[in-house]
Amino acid sequence: MKVIVTGGAGFIGGNFIHYYLAAHPDDRVVCIDKLTYAGNLSTLAPVMENENFRFVKLDICDREGVFALFEEEKPDVVINFAAESHVDRSIENPEIFLRTNIIGTEVMMDACRRFGNIRYHQVSTDEVYGDLPLDRPDLFFTEETPIHTSSPYSSSKAGADLLVLAYHRTYGLPVTISRCSNNYGPYHFPEKLIPLMIANALADKPLPVYGKGINVRDWLYVEDHCKAIDLIIRKGRIGEVYNVGGHNEMRNIDIVKLICKELGKPESLITYVTDRKGHDMRYAIDPAKIHNELGWLPETTFADGIKKTIQWYLDNKEWWQEIISGEYRNYYEKMYGNR
Ligand code: NAD
Ligand code: DAU
């Protein structure tokens, strides 16, 4: 099978490529990535020499370039991970989110239609469902929960999801969508909560917790997400949405305290800063559908996953230290300087 993976130089796409090439050594993977600030070729260094892997620097909004690549590669499946993914950046500058996340999705699906009704999978997010109240632990996001977004990021992802379902109904494109909860693991860009706190704690810098730190996220080890997507592209029902999550809800403050404990750093590094605008309170996935239909279950517990992740950041300092020495410094100063 030949698979086009977009956004493979990013966190989840990169982990997916590592997982996929190991799990399916006879398949060919072609990665399209624009290499934005969030894309790092060093993430793909371990597979660059693999003869079943090809990297192409390309913007998913570049219709001509995408069509030319499809004509040359003739893929069987397309998995769209490419996106602007950081909520805080979307609050600062929504435009690029609408472009990449919506127009890019349209271009990729147009290419799938043009070159033989190719199987298309959209990597979406639980954020399209908005948030749940903290005082209703009985409520979870199911695939039937109405779309109800909070940020420009989640709105752009929801717009893309609606377009994907419309391409299925209108053109009969064979699509699926996965909506996953928060991922963590290796190669996670250090602007996001867990890698940011690990990097700052190791440098004895303040750990900026938004608001009171009581917002809840439902954390899943990234490899479990990759396995879910692999199952969906092989066995998922066409036209369906699958929620992906492992019932692992945690408050931000408890995650940050755990990281301090694991690294032997004092909790006095924790600094409460101005809250995120429109901050979602709680995400919690009901994964019953993917479990019942496809037999998927998460394999890594949070206790193991967070230890493995912290160890990875300790063992791969050059990967993230290079990132935080570049453009990221300006971003950090702008976002956290006067917060
Ligand atoms: P990321 O920001 O780490 O990586 C995004 C990748 O897409 C980067 O390599 C970037 O260079 C590339 N990219 C951006 N714009 C592009 C364009 N126009 N053309 C080609 N490539 C482009 O993101 P991530 O955290 O790995 O998320 C991947 C996908 O999973 C996204 O669609 C995101 O919405 C979704 N998702 C993420 C999480 C999470 O916890 N991180 C959870 C659920 C869903
Ligand atoms: O739920 C899936 C989503 O998870 C994905 O769709 C997004 O692409 C991904 O970025 C992630 O979004 P979040 O906004 O939940 O992740 P983030 O790591 O930015 O923040 C997690 C929580 O931690 C959130 O409540 C905000 C808080 N936070 C974050 C940062 C960066 C802080 O308290 N301090 C921080 O410095």
Mean-square fluctuation check for the chain, GNM, Cα pairs under 10 Å: which of 242, 328, 283 is largest? 328
Identify which of 56, 123, 164 has the largest mean-square fluctuation in a Gaussian network model of the chain, with springs joining Cα atoms closer than 10 Å. 56
Of 157/227; 34/227; 157/307; 257/308, which ones are farther than 23 Å apart at the Cα? 34/227; 157/307
Between 12, 214, 177, which gets the highest mean-square fluctuation from a Gaussian network model of the chain, Cα cutoff 10 Å? 214
Inter-probe distance in nm under a simple model that places probes 7 Å from Cα toward Cβ, at residue 308 and residue 35: 2.9 nm
Once the Cβ-Cβ distance between residue 71 and residue 322 is put in as r, and R0 is 22 Å, what FRET efficiency do you end up with, to the nearest 0.05? 0.05
Straight-line reach only, C-alpha to C-alpha below 16 angstrom: list the aspartates and glutamates that residue 261 could link to, leaving out same-chain residues fewer than 8 apart. 204, 304
If every Lys and Arg gets +1 and every Asp and Glu gets -1 at its Cβ, then about the Cα centre region 2-336 yields a dipole, in debye to the nearest 20, of 180 debye
Excluding residues on the same chain fewer than 8 positions from residue 57, give the aspartates and glutamates whose Cα lies under 18 Å from its Cα. 33, 49, 71, 72, 73, 84
Name the shape class, rounded, prolate or oblate, that the alpha-carbon gyration tensor gives for region 239-310, where a ≥ b ≥ c are the square roots of its eigenvalues, rounded holds for a/c under 1.5, and otherwise prolate holds if a/b is larger than b/c and oblate otherwise. oblate
Row for region 197-295, column shape: gyration tensor on C-alpha, a ≥ b ≥ c, rounded if a/c < 1.5 i.e. under 1.5, prolate if a/b over b/c, else oblate; value prolate
Rg in Å to one decimal, and Dmax rounded to a whole Å, for region 2-336 via C-alpha atoms: 19.1, 58
Tell me, what ³J(HN,Hα) does each residue in region 200-210 have, in order and in whole Hz, if you take phi through Karplus 6.51 cos²θ - 1.76 cosθ + 1.60 with θ = phi - 60° and put x for Gly and Pro? 5, 4, 5, 9, 6, 9, x, 9, x, 9, 6
Length released on extending from residue 113 to residue 277, taking residue separation times 0.36 nm less the Cα-Cα span: 55.2 nm
Label-point separation, residue 261 to residue 148 (7 Å along Cα→Cβ), nm: 3.4 nm
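Counting alpha carbon pairs within less than 8 Å and at least 6 residues apart, what relative contact order, in whole percent, applies to region 2-336?
Numbers: 608 pairs, mean separation 59.3, N = 335.
Answer for region 2-336 is 18 percent.
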Residue-span extension gain [residue 169 to residue 48] - 0.36 nm each, minus C-alpha spacing: 39.8 nm
Calculated [θ] (222 nm, deg cm²/dmol) that DSSP helices of n ≥ 4 give over the chain, each run adding -39,500 (n - 2.57): -12500 deg cm²/dmol
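None of the figures in this text is laboratory data; all of them are computed from the coordinates on show. Quick caveat, the model's predicted, so the values are computed rather than measured. Cβ atoms come from the backbone with ideal geometry, glycine included; neighbour counts cover every protein chain shown.
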